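Report on the structure given below.
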Amino acid sequence: MDVLRIEGNGPLKGTVSASGAKNAVLPIFAACLLTAEECTIENVPDLSDVRFMGEILKALGASVKRVSPGVWKIKAEQIGHVAPYELVRKMRASICVMGPLVGRLRRARVSMPGGCVIGQRPIDLHLKGLARLGCKIGIHGGYVEVDGSAIHGDYVFLGGRQGPTVTGSENMIMTAVLTPGVTRIESAACEPEVQDMCEMLVKMGAKIEGIGSHYLKITGVEALGGCTHRVVPDRIEAGTLMVAGAITGGDVTVENVIPGHMRSLIDKLEECGVTCEPDPVKQKIRVIGDKPRKSVDIVTLPHPGFPTDLQAQMCALMAVTPGLSIVTERIYPNRFMHVPELQRMGADIAIEGPSAIIHGVEGLSGAPVMASDLRASAALVLAGLAASGETWVQRIYHLDRGYDRLDVKLRALGATIDRMPVESMPVSYIDE
Ligand code: EPZ
């Protein structure tokens, strides 16, 4: 098991490139199940979640090959309809195979995904959508069993208590593209990753109207073909790197990003006093954090609102920004596992229901901290970059699920950050 040792050493400076989006490549891999022809996926980040999704596709019978760095070839000629518990329970996003299995095979047997530290993650909306299309759904022995033999196009309102569902919409879309008739999805998610998956489906021959909006009209086709698709840049990784520039008072340019996907973060960083220079033509954003900052309030919302996946990172920034900030989490109200760890570094944060009340402090002090989930880990790394002294972040397998060599990228910007075996930590710090 590895840990990250970070020593705050002033402003980050330089240029760094974002990788392909984890939350696009996972449904895109699943979408390859919709055709017997080969799909070539490019700009695939090197992440444990991606490798794991590849294992799930292989378990279903697809041929999955990483042919060169960032390029995977997937061919789902003959596939089964069962996604086993021992795989699905390890990664929630594997629920994304349910839609394509129903679309292609008219049936699916997928283990119910397990719980998750960031909060309740039900799939009632996924199942509501399939039921609206005439599927018979049962839950037996921890598995969802879907019988799509009488499936037909229909209208479905897919909004839930917290608004649209990203993977629920993706499952619905991947079923509807091969479902006879017209399916209209209202309150569909329109995150850039959902749009990217839809663009790929259209390349495969799908008929989808309204991509990028909350209202999709899908006309089912007989079959889909293979394609080559380049995964959209990861706006969450890019945003994390932008906050790294801001929190260290640095001057960081993030390349291979689509500024149009980052509007809510740019808006908040500018409100807080950070200079942002987006360049849509050259697909890069420069972040300059050399001016005094002021606290801002944040509410996470479905796209195009402020993304929940950048909430923890902004809590770290607000922890060292003068003033009072209120960060309200509307998507996963319990998504504050990073807060107790930031408090160990001296942050002044109180949780009141779905909100973190943050009083900015002069500075944080390095400490041994524990990662709990993907984005909380990123927040702890950012805090370590700004803290005095050394910070040891444990359980960084959480980070490796969704960030492609974040430590290497930060080191290239001048950070003192090293991946080390856990044994190199002072004995008293080691998590039993
Ligand atoms: C996707 O998760 C992302 N994961 C998450 O990113 C992201 O935080 C989330 O969307 C919100 O943007 C992937 O794309 C692989 P949802 P997903 O269904 O699809 C409720 C990361 O850090 N809901 O949009 O599982 C749910 O409880 C990860 O990269 C229902 O009530 O999220 C939540 O409150 C974490 N019923 C809200 O909707 C349902 O059937 C949004 O969930 C489905 C969801």
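The values are calculated or read from the model by the stated rules, or taken from the named source; none is laboratory data. Not measured: the values here are computed from a predicted model. Cβ placement follows ideal geometry from the backbone for every residue including glycine, while neighbour counts extend to all protein chains displayed. When the accessible area is computed, the model is the full protein with side chains, heavy atoms only, and any ligands, DNA or RNA have been set aside. Shrake-Rupley method; radii C 1.70, N 1.55, O 1.52, S 1.80 Å.
When restricted to residues that are part of a loop (DSSP other than H, G, I, E, B), open to solvent by less than 50 Å² (accessible area, probe 1.4 Å) and in contact with a helix residue (DSSP H, G or I) (Cβ under 8 Å, 6 or more places away or on another chain), region 337-370 contains 8.
Looking only at region 277-290, decide whether some residue is part of a loop (DSSP other than H, G, I, E, B), within 18 Å of Gly245 (Cα to Cα), aliphatic (A, V, I, L, M) and open to solvent by less than 30 Å² (accessible area, probe 1.4 Å). Looking through region 277-290, none of the residues is part of a loop (DSSP other than H, G, I, E, B), within 18 Å of Gly245 (Cα to Cα), aliphatic (A, V, I, L, M) and open to solvent by less than 30 Å² (accessible area, probe 1.4 Å). What pairs come up if the first residue lies in region 160-177 and is in a loop (DSSP other than H, G, I, E, B), the second is near the ligand (Cβ under 6 Å from one of its atoms) and open to solvent by 30 Å² or more (accessible area, probe 1.4 Å), and their beta carbons are under 7 Å apart, counting only those six or more places apart or on different chains? That search, which allows pairs on different chains as well, returns Gln162/Ile331.
I want to confirm something. Restricting to region 26-66 and keeping residues that are touching a strand residue (DSSP E or B) at 6+ places or on another chain (Cβ under 7 Å) and of a type in the set (A, V, I, L, M), which single residue is nearest to Arg286 (Cα to Cα)? Filtering region 26-66 for residues that are touching a strand residue (DSSP E or B) at 6+ places or on another chain (Cβ under 7 Å) and of a type in the set (A, V, I, L, M), the one nearest to Arg286 (Cα to Cα) comes out as Val44. Among the residues of region 57-70, those that are in a strand (DSSP E or B) and open to solvent by 40 Å² or more (accessible area, probe 1.4 Å) comprise Ser63, Lys65, Arg66, Val67, Ser68. Residues of region 235-259 that are in a loop (DSSP other than H, G, I, E, B) and in contact with a helix residue (DSSP H, G or I) (Cβ under 6 Å, 6 or more places away or on another chain): Thr248, Val257. Applying a threshold of 9 Å to beta carbon distances and a minimum spacing of six or more residues, or different chains, the list of pairs starting in region 114-139 at a residue that is touching a residue at least 40 places away in the same chain (Cβ under 8 Å) and ending at one that is within 6 Å of the ligand (Cβ to nearest atom) and part of a strand (DSSP E or B) reads Leu125/Gly160.
Please specify each residue of region 313-336 satisfying the condition of being open to solvent by less than 10 Å² (accessible area, probe 1.4 Å), within 12 Å of the ligand (Cβ to nearest atom) and part of a loop (DSSP other than H, G, I, E, B). If the condition is that a residue be open to solvent by less than 10 Å² (accessible area, probe 1.4 Å), within 12 Å of the ligand (Cβ to nearest atom) and part of a loop (DSSP other than H, G, I, E, B), then Glu329 is the only one that fits. Scanning region 146-154 turns up no residue that is of a type in the set (S, T, N, Q), under 25 Å from the mean Cα position of the chain (by Cα) and in the same structural domain as Leu101 (by TED's automatic domain parsing).
Quick grid of which residues meet (1) in a loop (DSSP other than H, G, I, E, B); (2) within 16 Å of the ligand (Cβ to nearest atom); (3) in the same structural domain as Gly141 (by TED's automatic domain parsing):
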site	(1), (2), (3)
Thr40	no, no, yes
Val44	yes, yes, yes
Val50	no, yes, yes
Trp72	no, no, yes
Glu77	yes, no, yes
Glu86	no, no, yes
Ser94	no, yes, yes
Val97	no, yes, yes
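Residues in region 371-414 that are without any contact (Cβ under 8 Å) to a residue 60 or more places away in the chain and open to solvent by less than 10 Å² (accessible area, probe 1.4 Å): Ala371, Ser377. If the condition is being of a type outside the set (A, V, I, L, M, F, W, C) and under 19 Å from Thr248 (Cα atoms), then region 278-303 contributes Arg286, Gly289, Asp290, Lys291, Pro292, Arg293, Lys294, Ser295. For region 292-312, a residue qualifies if it is away from the ligand (no atom under 12 Å from the Cβ) and either among the acidic types (Asp, Glu) or outside any loop (DSSP other than H, G, I, E, B) (or both), and the qualifying residues are Asp297, Ile298, Val299.
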